[in-house]
Amino acid sequence: MADRVLVTGAAGFIGGRVAEDLERHGWDVTAIDLRAAPGGRTLCGDYRGPELHDQVRSGRFSAVVHQAAVSDTLQMDRALLDAMNTSGALALAESALVGGATFLYASSFSVYGRIRHDSPVAEDDVHDDALCSGPLNPYAESKLALDRAMIDMTDRGLLWAGLRYTNVFAAGERLQGRASSIISQILTKAARGDRIDLFADTMRASRDYVPAATVCAAVRGLLDSDFTPGVYNLGSGHATSFGDLLGWCAEFGGGRPADVRLVDNPIPDRYQYWTCADVSKLRAALPGWAGADIDVVRGEAEAVFDHARRALAAE
Ligand SMILES: NC(=O)c1ccc[n+]([C@@H]2O[C@H](COP(=O)([O-])OP(=O)(O)OC[C@H]3O[C@@H](n4cnc5c(N)ncnc54)[C@H](O)[C@@H]3O)[C@@H](O)[C@H]2O)c1
């Protein structure tokens, strides 16, 4: 019989892809989300519900892949963020411990805040003010609080990993305004010939973009291996500047430059100007994981661009 896995947040961008990927690779997936998911196979409910916890505690699942969260980085309601992103996740980890399930959860690269050096960021950098500022918003605080509480659980026998995703993107991502990945917004607007507003001080700002398929492969790899519990960066390990990205858009569009308007950055003090993950810890844990080199990132970017162009043609 296939191993059973619980995926939370399965109607979301990443959780939906992770659930599909695990199912395709032979896992017996139970998926849950507050929202109904297309296809109807996702249970509609709160991952914090007592019945679900009873099932996790009963040992029904060999793994829990926890993706549910308030993912809006501009959310300012600390009580909501604590309930959904921190204490709720910790309670699920406790249930996984009782049920003997491996527990993987989505943390975030936002925990590092502003990076104060120009080399890839390692997991422990978050503990050193000289290397990074730490969280710049309540969302990032909620993720770091979870990471810290999980680290405190390390000796209790739970097999767990907190995955600090950088900027996850994929072709076919449903764009939902400000919550969508910036790379997909830029590529889609460029493909449609729409104007792109960029902060004037960010043309050289660089981000680590990681395809969702690379995230899915890492999750699957961890579920198939004996790794050391802890937090792991999960990105491509490449920093792509907005200038480079606009260059790609021009190439994908046959030389047509994107229509860019530079606007004032209203949040320069809370803006991450540079992100690049050091993924060597994850690579060491998962020698079979291909990761994403810059060609893979560019290839996924081209797929997003083409997808948007085809959607425009079909309108
Ligand atoms: N997308 C990224 O680039 C990125 C980067 C860093 C971290 N993350 C983290 O990865 C995870 C997945 O992100 P995403 O981009 O797919 O976000 P998403 O908003 O698309 O998906 C999150 C899903 O969780 C669900 N959810 C929220 N609270 C719930 C609850 N109490 N019970 C059940 N379902 C609930 C939402 O309905 C939503 O469908 C989140 O934890 C997010 O914080 C994402």
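The values are calculated or read from the model by the stated rules, or taken from the named source; none is laboratory data. What you see is a predicted model; the values in this text were computed from it and never measured. So basically every Cβ, Gly included, is an ideal-geometry build from the backbone, and we count neighbours across all protein chains shown. Surface accessibility is based on the protein's heavy atoms, side chains included, excluding ligands, DNA and RNA. Shrake-Rupley method; radii C 1.70, N 1.55, O 1.52, S 1.80 Å.
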>> Please compute the per residue accessible area over region 225-312 with all protein chains in place, 1.4 Å probe, rounded to a whole number of Å².
In response: 48
> Where does the chain land at 222 nm, in deg cm²/dmol rounded to the nearest 500, when only DSSP H runs of n ≥ 4 count, each adding -39500 (n - 2.57), divided by all residues?
Replying inline: -11000 deg cm²/dmol
> With each label point set 7 Å from Cα along the Cα-Cβ vector, what nm distance links R35 and D194?
Replying inline: 1.7
> Counting pairs of alpha carbon atoms under 8 Å apart in space and at least six apart in sequence, what relative contact order in percent does region 176-315 give?
Replying inline: 40
> Using a 1.4 angstrom probe and counting only protein chains, how large is the accessible area of W289 in Å², to 10?
Replying inline: 20
>> So, R0 is 35 Å and r is the distance between the beta-carbons of D226 and D54; what FRET efficiency does that work out to, to 0.05?
In response: 0.80
>> Using a 7 Å offset from the Cα along the Cα-to-Cβ direction at both R174 and A311, what is the distance between the two label points in nm, to one decimal?
In response: 1.1
> For the pair R156 and R204, what calculated FRET efficiency results from E = 1/(1 + (r/R0)^6), where r is the Cβ-Cβ distance and R0 = 41 Å, to the nearest 0.05?
Replying inline: 0.35
